[in-house]
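Okay, structure first, notes after.
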Amino acid sequence: MNVLVYIDLQLGKPRKNAAELLTYASKMADGGTVSALVLGPCSEDLTQLGDFGAQKVLHANAPELASFDGLTHGKLLAEAVQFSQSDVAIVAFDHSGRAVAPVAAAKLKAGLVAGAAGLPLGNSFPVKAFSGKALAKVKVLTSVWVVALTPNSIPSEKTAGTAALESWTPSSIPVSKIKVLATHKNASDIPLPEAERVVSGGRGLKGPENWGLVEDLAKELGAATACSRPVSDIGWRPHHEHVGQTGITIRPNLYIAAGISGAIQHLAGVNSSKTIVVINTDAEAPFFKAADYGVVGDAFEVLPKLTQAIKKFKAEQA
Amino acid sequence: MNILVCIAKAPDTTTKIKFNAEANALDGNGVTWIVNPSDEWYALVKALELKEAAGQGKVSIITVGLSEDDSIIRKALAVGADEAFRINMSPDSAASVAAQIAAWMKGQSFDFILTGKETIDYNGSLMGGLLAAELDLPYIPMIEKLDVQSGIATMSRDIGGGTEEVQVQGPFVASATKGLAEQRIPNMRGIMAARTKPITVVEPQSIDSTVQYLDFTLPAEKGACKMIDPENMDELVRLLHSEAKAL
Ligand SMILES: Cc1cc2nc3c(=O)[nH]c(=O)nc-3n(C[C@H](O)[C@H](O)[C@H](O)COP(=O)(O)OP(=O)(O)OC[C@H]3O[C@@H](n4cnc5c(N)ncnc54)[C@H](O)[C@@H]3O)c2cc1C
């Protein structure tokens, strides 16, 4: 089948998740054409998207597309699906994709798979449900599909292909009703939803002044930082770090939790992480039941030791 | 200021999820239903705050559900919504719920529409985008701030790794996330008042489904947790590298 991938630009560059989306698309295409859609001016060589399987890149670089508008981008994605004669549109199930995918699906009258967690079998997709407490199979009943892929669902694979760059002019670009006043970047470099490693702290860390322990370890690991709900409720950490059933759901390769008890609502948001490490003074903390590795100990002592051990490991590997 | 808030019901967050014998639907036995948290805590409360600040207006809520869901609607009315609409069908997917609400919206007029950022059962976070597409309105997902002054809405939204401040004039759809407002616990007066607030039942349109949930499974149980000596973090790093392949 022919697959079209929506590539989200951030500061004029394809987001890192383009690699995973294109890998996923290539596997689904199974011999069909994999195209990528890029909307807005871009400062990077887009033929590089060929590294992960794009054969064709449709680029609409009208300056009015520079700021994100989900309604406009969704409409253009729908048009590009028809233009490229694609059977499937793939979008990341992230902040932008959650706006683009439903609009494209509504315009195409296409079945929409929200939060696909892996490759489909025929027309049925694995998806997460009940905030990670269950897995579901969703069957798409239409001929054209829109699939929003949960970040970190499959490892990216490099290919030797090259992509042909084609400039694309949509039939019309609707004037956006959204005026962007300013954009602020968070202090941490790695957005939590797509981070491959996450270090998280709970109320056991006693106060915001102790978060250096979490940040030091995260820095050493190239990880994003996260927290439990009460920690963001009391304002020790920003809201966007709150993981769990009522925060964000993540599935990194490695999740390290320090001073978090492991309440059901917290576990729901993190239990699909590949490897979970729990550090807690209380050997009876429920989190140990959901962990792969456990350390019964004081986070104030264990975290710096772990940071040191990672440092040493990295030095040995170098 | 007339604001529409879309609300969904969801199983209480402490629910141990189990399914029916065919494994194609949640086993609702013993499940306590709540108003989906981000719909109630952020979208609804923000709508109430804006109405109160404006000193006039109305906050309406809409849900797609059966009469058994009136208890959820009463909860949202107790928090402070003025009136409710219920489209009388069992919701089968976000797409059909949005199409139903959009079809009903055609005869209505609201300044703007708020939804929660996602439901905690199907986690699709689709409602806002689907509605915006159906109604051809601008859509601002994941807002954590919203201020309305003389018809111009200024919002701040989470863009994953940062925030963006935007402005919109005229009607729009936005989804509400943490930070937008604080949960309000209904007081006795609110609960009493909710009993007599109107719930208008709307009959559904016939709309084809585009997806179908086939079955549900529970995630595999984790094996036993390996305990590591807190004095031996080198051992943990070794296991993370060679056994878990996480480093
Ligand atoms: C409707 C609803 C929704 C919710 N949604 C979420 C959600 O999305 N995400 C979420 O996280 N929570 C959520 N919660 C809250 C949840 O129930 C728990 O209250 C919360 O997760 C507990 O946070 P915590 O583990 O940081 O704190 P606590 O439960 O207080 O646990 C602190 C832990 O730290 C340990 N500790 C103490 N000192 C140390 C030390 N020096 N070193 C190591 N360990 C130490 C303790 O043994 C304890 O296990 C929700 C609750 C409700 C009612």
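Around A:THR150, what is the net charge, scoring Lys/Arg as +1 and Asp/Glu as -1 over all other residues with Cβ under 12 Å from its Cβ?
Residues close to A:THR150 contribute a combined charge of 0.
Take every DSSP beta bridge with both residues inside the protein assembly as shown and express the antiparallel ones as a percent of the total, to the nearest 5.
That works out to approximately 35 percent antiparallel.
Among the GluC sites (Glu not before Pro) within the stretch B:170-239, which fall in a DSSP loop and have no more than 13 other Cβ atoms within 10 Å of their own Cβ?
Passing both the DSSP loop test and the Cβ count: B:GLU182, B:GLU221, B:GLU231.
Add -39500 (n - 2.57) for each DSSP H run of 4 or more in chain A, then divide by its residues: what number comes out at 222 nm, to the nearest 500 deg cm²/dmol?
Dividing the helical sum by the residues of chain A leaves -7500 deg cm²/dmol.
Sorted from fewest to most neighbouring beta carbons within 10 Å, what does the list A:THR33, A:THR225 look like? Show your work: numbers first, answer last.
On the way: A:THR33 17, A:THR225 22.
So the residues, fewest neighbours to most, are A:THR33, A:THR225.
Of the GluC sites (Glu not before Pro) in the stretch B:1-85, which ones lie in a loop per DSSP and count no more than 11 other C-beta atoms within 10 Å? Show your work: numbers first, answer last.
Values: sites: B:GLU22, B:GLU40, B:GLU49, B:GLU52, B:GLU68, B:GLU83; in loops: B:GLU22.
Answer in residue order: B:GLU22.
So what's chain B giving for Cα Rg divided by 2.2 N^0.38 Å, two decimals?
1.18
If you take every DSSP beta bridge fully contained in chain B, what fraction is antiparallel? Give it as a percent rounded to 5.
40
Separation of the stretch B:176-239 and the stretch A:81-95 by C-alpha centroid, Å?
Comparing the Cα centres of the stretch B:176-239 and the stretch A:81-95, I get a distance of 28 Å.
Longest segment of chain B with no trypsin sites (Lys or Arg not before Pro) in a DSSP loop having at most 11 other Cβ atoms within 10 Å?
Of all site-free stretches, the longest is B:17-105.
Indicate, rounded to the nearest 5 percent, the antiparallel portion of the DSSP beta bridges found entirely in chain A.
So the antiparallel bridges in chain A amount to around 20 percent.
Using a 10 Å cut-off around each Cβ of peptide A:70-78, what is the average number of partner chain Cβ atoms that fall inside?
3
Pick from B:ASP121, B:ASP92, B:ASP234: which is most flexible by mean-square fluctuation in a GNM of chain B where alpha carbon atoms under 10 Å apart are linked?
Answer for the Gaussian network model of chain B: B:ASP234.
With the cut-off at 1.5 for a/c, could you classify the stretch B:135-189 from its C-alpha gyration tensor as rounded, prolate or oblate?
oblate
Please compute the average number of Cβ atoms from other chains found within 10 Å of each residue's Cβ in peptide A:119-132.
4
Just A:ALA134, A:ALA29, A:ALA218 to compare: in a GNM of chain A, with alpha carbon springs under 10 Å, which one fluctuates most?
In the Gaussian network model the winner is A:ALA134.
Would you mind counting up the charge near A:ALA78? Only other residues with Cβ under 12 Å from its Cβ, with Lys and Arg at +1 and Asp and Glu at -1.
Residues close to A:ALA78 contribute a combined charge of +2.
Every number in this text was worked out from the coordinates using simple rules, so none of it is lab data. Since this is a predicted model, take the numbers as computed values, not measurements. Cβ coordinates were reconstructed from backbone atoms using ideal geometry, including for glycine residues, and neighbour counts include every protein chain displayed.
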